[in-house]
Amino acid sequence: MPRKPRSLKEEMDRLTTELRERGSTWAEIAQEYRRRYRLNARQAFREAHRYTQERVVAEWKALWPSEPFSVRKLGSWEAWPGVTGNEPPMAGLNRLARIYGCRACDLVDGEDHTGVDENANVSGRRDIPPPHTPTNLTFSDIKGILPTQPLPGPTSPGELRDREFEQLVHALTDWATQMNRRDLLALIGAAATSAYASPALDRLNGDETQRLSKAMGDPSRVDDTTVGHIEAVLRHCMRQEDALGPQATVATVLAQQHLVVSLLSNGVTERMRPKLLSLLADIRRCTAWMLFNLNDFRGADYHYAKARDAAHQADDDAMCSMVLANWSQLATWRGDPRLGVEHALGALAWGQRAGSRLLTAYACDVGARAYAAVVRRSAKGARRADHTRCFRSVDQARRELHGADPGDPGARLVPFYGEGQYLSTKTGCLLDTGDPAQALQVAATAVAGIDPTFVRNVAYIRLKTAQAHLRLREIDEACRELGEAARLAVHNTSPRLVRSVVETREKLGPWHRTRAVAELDERLHASRLIA
């Protein structure tokens with residue numbers, strides 16, 4: 001018989017542990033905390049996670065280092081609507097929801113008047129299996145949610161595919177709002193499994209199918225052509241990810257990873273082993289990049305570590321540089337720019353060792369971003385040295401980029417990196433170090449220099465331009481640029497990009513009554529980027 005908890009803290013610790021082990025969501029656990037301990041919604045979610053107020057503030061500062069927050073402010077939000085409290089703004093509720101893994105509306109103790117709606121008790125949900133019922137789904141189980149009306153007007157095959165994709169996304173989004181979280185995750189998991197098991201080899205021609213089938217049956221028969229086929233699929237997936245976002249490609253890349261791991265595990269020739277290890281490093285790097293854009297930072301961190309290990313085993317200096325450069329970007333984005341600097345310095349050393357001026361330039365580029373973030377976070381007295389390091393890295397990136405030749409050994413790894421992307425980074429560094437006017441001048445050239453097929457990169461320079469206008473209180477211009485970024489986020493549906501658009505919109509809060517912001521909100525709502 002379990003012993004009685006000795007304190008309220010131990011009782012709460014045990015309650016959260018038991019409910020999580022049973023599969024309860026954070027919303028369900030918070031509801032139980034509200035019932036048992038008579039807490040309001042914001043207190044209940046914090047206690048459900050077993051977070052102190054200091055822990056919540058630390059999580060906030062790690063995610064949004066430039067947005068001030070304190071225990072006192074959090075306490076006042078939790079005390080509202082009491083006389084000692086202050087009403088939390090929507091932007092604050094959105095951030096707390098991200099920390100607690102819930103919806104912003106879950107954090108508000110609002111009144112429920114659905115009883116006056118005569119249709120409130122009529123179920124609008126489709127006939128789907130209960131969450132705990134094992135199920136094998138087929139197409140007939142989900143076809144009811146798909147659009148049935150033909151698309152109007154003549155279209156080319158490419159346009160038709162894009163419009164069908166957009167219609168499918170909207171249909172799935174509308175349908176998902178009718179389901180609870182557990183049902184939705186179960187069905188998505190089943191759909192992902194189905195996609196993973198689909199006959200992807202049917203897309204290869206007869207010779208390619210025969211070659212890969214033989215390789216799987218006897219890994220010792222893996223040759224350069226086999227590796228080339230896998231690399232070609234990976235390059236294609238990365239270009240799709242640049243255009244459409246990670247959701248469109250991550251399952252295929254995971255399947256490629258499984259294939260290469262299987263080949264390595266079953267034995268390949270000594271000549272081919274380093275090539276397969278290098279390919280595995282590249283696949284894991286791409287997987288990490290896609291998880292980064294899906295806002296799965298822990299998953300990305302794991303795969304970058306695995307990618308680095310495989311690159312070291314392959315003795316591939318260029319791949320080591322690329323992995324560390326991407327890893328630096330992740331660390332800086334997560335709010336740890338000093339670790340970002342550390343990874344960037346490693347990327348610089350390996351890029352120089354590989355003899356690649358392009359990889360050296362890219363390492364300096366991500367290093368400059370990390371130094372700029374250090375400047376943003378540092379006390380005033382410590383900023384000067386890192387400011388200097390930031391722009392030294394920017395200048396070195398430009399020199400290395402302009403000095404690279406067409407046969408650079410790193411060219412295949414950084415097809416996106418050119419003058420436009422370099423200028424985009426310089427724009428961000430100028431913003432972070434407090435020079436929005438100069439940032440605007442650089443951004444104007446950067447927009448024209450980025451290959452438009454790299455949709456997310458174009459969107460981010462638009463976002464930086466919007467942020468520069470916002471710093472200068474040029475609200476109409478900021479809204480126009482943010483609207484362009486939002487338009488691109490509809491095409492490249494990367495959650496990281498969408499989150500960046502929404503967070504930039506939140507900074508326009510003080511001007512929400514202006515015509516420009518109202519029109520922007522209409523665009524964001526029409527694009528389904530905000531509710």
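Rule-based calculations on the coordinates, nothing more; no lab input. Since the model is a prediction, treat every value here as computed from it, not as a measurement. With ideal geometry, Cβ positions are generated from the backbone for all residues, glycine too; neighbour counts draw on all protein chains shown.
Observations on the model:
- Fewest neighbouring Cβ atoms within 10 Å first, the residues 49, 236, 303 line up as 236, 49, 303.
- Taken about its Cα centre, the stretch 1-114 carries a charge dipole of about 420 debye when Lys and Arg each add +1 at the Cβ and Asp and Glu each add -1 at the Cβ.
- Legend: residue pairs 306/464; 306/507; 275/426; 9/73; 426/507; 4/73, Cα-Cα distance threshold 27 Å; pairs beyond threshold, 306/464; 306/507; 275/426; 4/73.
- Ascending count of other beta-carbon atoms within 10 Å, so fewest first, for 250, 323: 250, 323
- Sorted ascending by nearby beta carbons within 10 Å, beginning with the fewest, 222, 83 become 83, 222.
- 3J(HN,Hα) from dihedral phi, the stretch 34-48, Karplus parametrisation 6.51/-1.76/1.60, rounded to Hz, x for glycine, proline: 5, 5, 6, 10, 6, 9, 7, 4, 5, 5, 5, 5, 5, 5, 4
- Between the stretch 256-287 and the stretch 464-498, the alpha-carbon center distance in angstrom: 40
- For the stretch 1-70 versus the stretch 385-431, the inter-centroid distance based on Cα atoms is 44 Å.
- Label positions at residue 395 and residue 491, each projected 7 Å from the Cα along the C-beta direction, are separated by 3.7 nm.
- Length added when fully stretched, residue 22-residue 86, from 0.36 nm per residue minus Cα-Cα: 19.5 nm
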